[in-house]
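The values are calculated or read from the model by the stated rules, or taken from the named source; none is laboratory data. The shown structure was predicted, so the numbers you read here are calculated from the model rather than taken from an experiment. Because the Cβ atoms are built from the backbone with ideal geometry, glycine has one as well, and the counts that use them run over all protein chains shown.
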Amino acid sequence: MPARSPSAPGAFDALNPSSSAASPAALRAVVMGAGLEACVQRPDSANARVARSLALSLGLAQRAIDTPQDPRGQLQRLQASPEGWLASLPLDPGHPLDEGGTWAEELGAWRQPALLVIAAHQLPSGAAASTVALLRQWRVPLLGLVQWGGLWIPEQRRRDGLPWLGALEDQRKAEEERIGEEERNGEGERTGEGERTREDREESARVVIDLLLRRWRGLDHPWSAPIEA
């Protein structure tokens with residue numbers, strides 16, 4: 001069996017992915033964003049960072065979608081992989097492709113499970129609801145939505161009526177905020193907020209991973225070739 005990426009230390013280690021009830025070994029998903037946030041073709045884009053964090057935490061391979069204008073070729077290559085993987089899509093799933101169609105259409109045709117990442121600043125917009133509607137229209141197996149950064153407010157997300165998994169913290173931003181807090185309170189003075197925030201991040205990560213694996217296990221996986229129109 002091909003070697004997988006080692007698990008990253010930290011929040012995600014609390015869930016033991018080697019247990020039979022939560023084994024992620026076969027998980028294969030395209031991780032995507034919505035709107036302009038999805039089109040940031042950099043390793044620090046929200047969907048790329050979520051894909052990288054989850055792949056490292058679950059011991060999955062990280063796959064690149066380096067020619068997003070060729071979804072069929074990319075999906076054929078990805079689905080041929082014998083190991084589990086996560087691949088970040090540097091394109092909005094509804095963005096028209098040069099030769100017609102969209103990634104949403106192809107994901108549905110290939111029955112390819114997907115994970116949708118919504119950055120915190122996108123929550124007031126309709127990005128989450130409209131993208132979920134698009135994916136459902138094309139029958140894309142949607143594993144769920146992940147909020148990237150910001151404050152997770154369960155009551156508001158429940159009112160959305162969308163399959164949210166939870167939130168993952170932008171740890172770089174959190175570290176900047178922690179440093180700023182220490183500077184405001186004076187050197188050596190701590191309020192304990194940083195420690196509580198870290199514990200909250202770890203618990204949030206556990207929830208996201210657990211729900212993600214539950215959704216994955218609940219899917220039918222009959223794919224091997226696209227559905228002919």
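Which residues, counting only those in segment 124-141, are closer than 15 Å to Leu36 by Cβ, outside any helix (DSSP H, G or I) and in contact (Cβ under 8 Å) with a residue 12 or more places away in the chain?
Hit for segment 124-141 is Ser125, nothing else.
Given the criteria under 23 Å from Ala205 (Cα atoms) and touching an Asp or Glu at 6+ places or on another chain (Cβ under 6 Å), does Ala114 qualify?
no
If only one of Leu75, Leu56, Leu115 is closer than 18 Å to Arg215 by Cα and not in a loop (DSSP other than H, G, I, E, B), which one is it?
Only one candidate qualifies: Leu115.
In the set Thr102, Thr67, which member is β-branched (Val, Ile, Thr), farther than 30 Å from Arg198 by Cβ and at pLDDT 95 or above?
Thr102
Could you grab me the full set of residues in segment 78-109 that are in a loop (DSSP other than H, G, I, E, B), buried (at least 21 other Cβ atoms within 10 Å of the Cβ) and in contact with a Phe, Trp or Tyr (Cβ under 7 Å, 6 or more places away or on another chain)?
Within segment 78-109, Leu89, Pro93 qualify.
Quick one: in segment 135-188, which of the residues that are surrounded by 16 or more Cβ atoms within 10 Å (Cβ to Cβ) and basic (Lys, Arg) is modelled with the highest pLDDT?
My answer is Arg157.
Within segment 105-122, which residues are of a type outside the set (Val, Ile, Thr) and modelled with pLDDT of 95 or more?
Glu105, Glu106, Leu107, Gly108, Ala109, Trp110, Arg111, Gln112, Pro113, Ala114, Leu115, Leu116
Restricting to segment 29-41, and then to whatever is surrounded by fewer than 24 Cβ atoms within 10 Å (Cβ to Cβ) and modelled with pLDDT of 65 or more, can you tell me which residue is farthest from Val117 (Cα to Cα)?
Here the answer is Leu36.
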